[in-house]
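A.B. asks: Let me begin by handing over the structure; questions about it come next.
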Amino acid sequence: MFAALHGELVPHPWRDPAVASSDAYSLFVARSSAMGWLAEAAEGASNGVWGMNDAGQEPGSGSQPSRIAWFQVSLTEPVPAGRPLPVQAFLACAGSVVARIGTPRLQAVQVLLPVQDLDTSAGAYLGGSAVMTLLQDSGWFADSDPRARTRVRVTLDSGQDPSIHSAAPEMLQWIRQFEQDVFSCDSFSLADEDDMDLPPAVIDELCSGPLATRPRFAAPSPSGRLMPWDGCRLSSPTRVPSTESAHR
């Protein structure tokens, strides 16, 4: 799994990057280990959710908006049929790390996920527990501040596989059939009108890139938060991608 945060990062006045003893990599390792998400760096280790691959900070990376930090991990075990990828924990950890370094002004989040390794048969996915688990977890957003409601764009990119174009209309109807008020999707577009340039900081061989097909879904989110459930690129109109990814 890969995640990149784009926008601006205002460093904390008390933290000098030139002399700091920690960086994005070490902070992510420490945080995910403390939360029980990091597997031991040993052959055959079975604990934890992911193993650490790499991380970095890249102010002025050349992408638009600028990439301020990125993180990459490998799942330790195959995801059981009908269960969601651990994207919530992954992005929560990334968010905690960035908040420790400075104050982010987030414009976009790019997420690359190995959905090609999931069992997406009708019996294992639509009839499985993944969706029900997410709907149950939506109770976390109950009684939230209505002023936090914000409009976001979710861009799904299937790389070189064009099937996402024909699936987009059905996906919209599928999303609308669930009774929840965390994420309401009101429209979609097959036109690639995105003015953001967010090349992933990983080689194409690790995903189904280069990115090519991008249906966009527009949605007001009462939670005011961009939570990974089910998509690719998440962006707010002030302005949040993956070859294969997830959004709540």
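A.B. asks: Starting from the stretch 1-87, pick out the trypsin sites (Lys or Arg not before Pro) whose DSSP state is loop and whose Cβ has at most 13 other Cβ atoms within 10 Å. Please report the intermediate quantities before stating the final value.
C.D. replies: Working: sites: ARG15, ARG31, ARG67; in loops: ARG15.
Sparse-neighbourhood loop trypsin sites (Lys or Arg not before Pro): ARG15.
A.B. asks: Non-local amide H neighbours of SER158 (under 5 Å, H modeled in plane, Pro and chain starts lacking H): which ones?
C.D. replies: ALA212, THR213
A.B. asks: So if we plug the beta-carbon distance of ALA99 and ASN53 into 1/(1 + (r/R0)^6) with R0 = 22 Å, what FRET efficiency do we get, rounded to 0.05? It would help to have the intermediate numbers written out before the result.
C.D. replies: Values: r = 21 Å, r/R0 = 0.98.
For R0 = 22 Å, the calculated efficiency reads 0.55.
A.B. asks: Peptides 144-156, 86-98: what's the order by average Cβ count within 10 Å, highest mean first? Don't jump to the answer; show the numbers that get you there.
C.D. replies: Working: 144-156: 16.5, 86-98: 20.7.
In descending order of packing, they fall as 86-98, 144-156.
A.B. asks: Sequence-distant or interchain residues sharing an amide H contact under 5 Å with GLY102, placed H: which?
C.D. replies: HIS12
A.B. asks: A further question follows. Mind listing which GluC sites (Glu not before Pro) in the stretch 3-100 are in a DSSP loop and have 11 or fewer other Cβ atoms within 10 Å?
C.D. replies: Details: sites: GLU8, GLU40, GLU43; in loops: GLU40, GLU43.
Counting only loop positions with at most 11 other Cβ atoms within 10 Å, the GluC sites (Glu not before Pro) in the stretch 3-100 are GLU43.
Values in this text are rule-based calculations from the coordinates and carry no lab data. Everything numeric here is computed off the predicted structure, so don't read it as measured data. Every residue, glycine among them, receives a Cβ derived from its backbone with ideal geometry; neighbour counts consider all protein chains shown.
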